[in-house]
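Shown next, in structure tokens, is the structure this report addresses.
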Amino acid sequence: MVNKKIKHILNDLLSRKYIANILVILAISIMILIVSKDFSKKTSKTVYNNTENNISMTELTYKTDEERIEARLKEILEKIENAGEVQVMVTFEESTEIIPAFNTTKSSDITEEKDSGGGVRILNSENITETIAMNNGSNSNQVFILKEIKPKINGVIVVADGAKDLVVKEKLYNAVKTVLQIPGHKVEIY
């Protein structure tokens, strides 16, 4: 009798409808798993790309400052009589440092407590909150910049056709020192 019940239950479980339902559920589960992995991969790629873009923007600003100074210096040095064609390389100690403005909120609270025994306790609490000051423009928020510290120049190399002449070489040397306000040991003329 028990054997017949077990056989009947097993037959019901192994019927075609039950197996078909299990296969459908299994297929849906696998599809959900695959789709969720695709979403997680896309999210991580986006984060990576955003990080990459931030690095690129920093490098772009740094290279822009470097290239701008090199181009201006080249333009000035080529105007020196008999200097000829000039190439300039400027190296920096670090990149530009930007110091944002902050909105500072400071609050203090002094509380005096008296207990039943006649004792007095004074509590002094101070809370300081700083947030970066933002300018809410038309389409974007921009940070208020308090100060921008330009990078320090490590050295300058100038290669000029006219540097064979010592007078021209001296003029180029003095021009670089004067324009960039750097000591002579950081300048080489070839």
Among the candidates Ile76, Ile19, Ile55, residue that is modelled with pLDDT of 80 or more and not acidic (Asp, Glu): Ile76
Positions within the stretch 95-132 being among the aliphatic types (A, V, I, L, M) and more than 30 Å from Glu66 (Cα to Cα), in sequence order: Ile110, Val120, Ile122, Leu123, Ile128
So Tyr62, is it modelled with pLDDT under 75, in the same structural domain as Ala160 (by TED's automatic domain parsing), surrounded by 11 or more Cβ atoms within 10 Å (Cβ to Cβ) and not in a loop (DSSP other than H, G, I, E, B): yes
Residues located in the stretch 156-189, provided they are touching a helix residue (DSSP H, G or I) at 6+ places or on another chain (Cβ under 8 Å) and assigned to a helix (DSSP H, G or I): Gly162, Ala163, Val168, Lys169, Leu172, Tyr173, Ala175, Val176, Lys177, Val179, Leu180, Gly184
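The values are calculated or read from the model by the stated rules, or taken from the named source; none is laboratory data. These figures come from a predicted structure and were not determined experimentally. When we count neighbours, we look across all protein chains shown, and the Cβ atoms used for this are built from the backbone with ideal geometry, even at glycine.
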